[in-house]
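See below for the structure under consideration.
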Amino acid sequence: MRVGMKTNPEATTWPALLAMWQRADQIEAIESAWLFDHFYPIFSDPTGPCLESWTTLSALAHETNRLRVGTMVNGMPYRHPAVTANMAAAVDIISDGRLELGLGAGWNETEAGAYGISLGETVGQRMDMFDEGVEAIVGLLSQDVTDLEGRHVKLSDARNEPKGPQRPHPPIVIGGGGEKRTLRTVARWADHWNSTPVSVEEWQRKRSILDQHCADVGRDPSAIMNSLIFRFDPDDLGGLADQVKPYEDVGVHKAVFNMPVPHSPGHVDLLGELAERIA
């Protein structure tokens with residue numbers, strides 16, 4: 001079982017966030033570190049501070065050396081897919097090939113409405129936008145020239161240079177559990193599927209649906225690693241280890257722990273202890 005750390009960039013400061021990542025970078029048992037992609041806090045006062053994910057991730061990638069780095073996950077409607085692909089290539093270069101590219105369809109109507117960002121008129125349209133966006137991003141990260149004549153995304157002789165060191169592109173991490181659309185997109189494009197907290201039984205059911213989508217598109221499901229989000233409790237490492245074990249038994253590859261605020265490097269040390277217990 002691999003272990004990752006998620007430090008939501010809300011209700012925190014840049015120095016506190018940097019200290020967390022630099023400490024985790026020193027602990028071999030912690031494989032990866034993640035942000036979220038929101039403009040408003042979603043777990044605290046929505047009027048409070050929240051650092052933008054791509055600029056913050058770029059800085060954190062530069063200030064670390066070992067961790068796999070990413071955002072779980074970037075909202076597709078927040079940036080044109082071609083812009084996302086260009087940013088991803090740059091961060092892959094800055095991190096010397098450590099980027100994990102998280103992508104999601106987006107959902108936060110509060111921040112999107114405040115900024116005039118369209119999430120799509122219907123959920124179906126949002127998922128259509130997401131499917132086309134993922135296809136565009138993968139093309140721009142892996143091909144010399146990309147053309148796409150979609151309903152929502154149109155690319156014509158589109159280039160993205162320089163590309164990052166990971167080939168054919170940084171691992172694509174798709175977050176979500178929508179059974180008809182999201183998991184189908186995972187089957188087509190993802191190297192890594194991330195799920196929010198669900199019961200062991202529910203995770204197994206969704207995994208079986210993903211396996212069927214893989215069969216439908218001719219994809220080997222074993223080519224897709226998977227992860228699950230857990231809430232980190234610094235006062236109950238034993239309980240957390242017991243909580244993770246049943247998921248490992250049914251095939252979850254990575255546990256990503258949502259770290260509490262205020263951010264404390266001491267919590268990272270405890271996460272390292274937990275990672276060694278469940279490795």
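Assorted remarks:
- The lone criterion from (1) of a type in the set (V, I, T); (2) in contact with a His (Cβ under 9 Å, 6 or more places away or on another chain); (3) closer than 26 Å to V138 by Cα left unmet by T12 is number (3).
- For the range 1-37, filtering for residues that are touching a strand residue (DSSP E or B) at 6+ places or on another chain (Cβ under 7 Å), part of a loop (DSSP other than H, G, I, E, B) and open to solvent by 20 Å² or more (accessible area, probe 1.4 Å) leaves 3.
- Scanning the range 129-142 for residues that are touching a strand residue (DSSP E or B) at 6+ places or on another chain (Cβ under 9 Å) and open to solvent by 20 Å² or more (accessible area, probe 1.4 Å) returns E132, E135.
- Of all residue pairs spaced 6 or more apart or on separate chains, those with beta-carbon atoms under 8 Å, a first member in the range 211-237 that is more than 17 Å from L183 (Cβ to Cβ) and in a helix (DSSP H, G or I) and a second member that is modelled with pLDDT under 95 and of a type outside the set (F, W, Y) are L237/R277.
- Failed item, numbered, when N160 is tested on (1) part of a loop (DSSP other than H, G, I, E, B); (2) within 18 Å of N108 (Cα to Cα); (3) within 22 Å of the chain's Cα centre (by Cα): (2)
- Pairs linking a residue in the range 155-168 that is of a type in the set (S, T, N, Q) to a residue that is in a loop (DSSP other than H, G, I, E, B) and surrounded by fewer than 21 Cβ atoms within 10 Å (Cβ to Cβ), with Cβ atoms under 7 Å and 6 or more positions apart or on different chains, are Q166/G97.
Yes/no per residue for (1) open to solvent by less than 40 Å² (accessible area, probe 1.4 Å); (2) in contact with a Cys (Cβ under 7 Å, 6 or more places away or on another chain); (3) more than 24 Å from P170 (Cα to Cα):
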{"position": "V200", "(1), (2), (3)": "yes, no, yes"}
{"position": "W203", "(1), (2), (3)": "yes, no, yes"}
{"position": "L210", "(1), (2), (3)": "yes, no, no"}
{"position": "H213", "(1), (2), (3)": "yes, no, no"}
{"position": "R219", "(1), (2), (3)": "no, no, no"}
{"position": "M225", "(1), (2), (3)": "yes, no, no"}
{"position": "D236", "(1), (2), (3)": "no, no, yes"}
{"position": "F257", "(1), (2), (3)": "yes, no, no"}
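The values are calculated or read from the model by the stated rules, or taken from the named source; none is laboratory data. Every value quoted in this text rests on a predicted model; they were computed, and no experiment measured them. Cβ sites come from the backbone with ideal geometry, for glycine too, and all protein chains shown count toward neighbours. Keep in mind that these areas ignore ligands, DNA and RNA; they rest on the heavy atoms of the full protein, side chains included. Shrake-Rupley method; radii C 1.70, N 1.55, O 1.52, S 1.80 Å.
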